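Enquirer: Just dropping this structure here.
What follows is calculated from the coordinates using simple rules that are stated; it is not laboratory data. Here the structure is a predicted model, which is why all the values come from computation and not from measurement. Note that each Cβ is placed from the backbone with ideal geometry, even for glycine, and that neighbours are counted across all protein chains shown.
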Amino acid sequence: MYQTPMEVAVYQLHNFSISFFSSLLGGDVVSVKLDNSASGASVVAIDNKIEQAMDLVKNHLMYAVREEVEILKEQIRELVEKNSQLERENTLLKTLASPEQLEKFQSRLSPEEPATESPQAPEAPGGSAV
């Protein structure tokens, strides 16, 4: 029936493609016999089925990507809003802090300072306790 291993491989690939893509399309598995006398119409039919299945896969992927993009856009909006709120809060705290408190805070942020300082009692909001 088949003269070369290539013809056998093509036959097997077409049968697999039809089975796989028919299952994607929700149809029954179509059995197509390809031999040396196969008409061009059956090859065109196979190509059409493959194209339909690939379009279906593409549509599903595009839908999934669009959905993921919308989720990410919403997360970005939420993060921008939270960032803005934290910036406003930071500005407010800077304006309410005394120069001594700001200096003490800056000294704690500097990389020269060791990270293992003993915790100190917080200062009263009006200045130092001395």
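Enquirer: Would you mind computing, in nm to one decimal, how far apart the modelled labels at ARG66 and SER84 are, each placed 7 Å from Cα along Cα→Cβ?
Expert: Reported label-point gap for ARG66 and SER84 is 2.8 nm.
Enquirer: What's the extension gain from SER42 to PHE105 if we count 0.36 nm per residue and subtract their Cα-Cα distance?
Expert: Details: separation 63, 0.36 × 63 = 22.68 nm, distance 7.85 nm.
Length gained between SER42 and PHE105: 14.8 nm.
Enquirer: Mind giving me the nanometre distance, one decimal, between the label points for ARG77 and THR95, set 7 Å out from Cα along Cα→Cβ?
Expert: Distance between label points: 2.9 nm.
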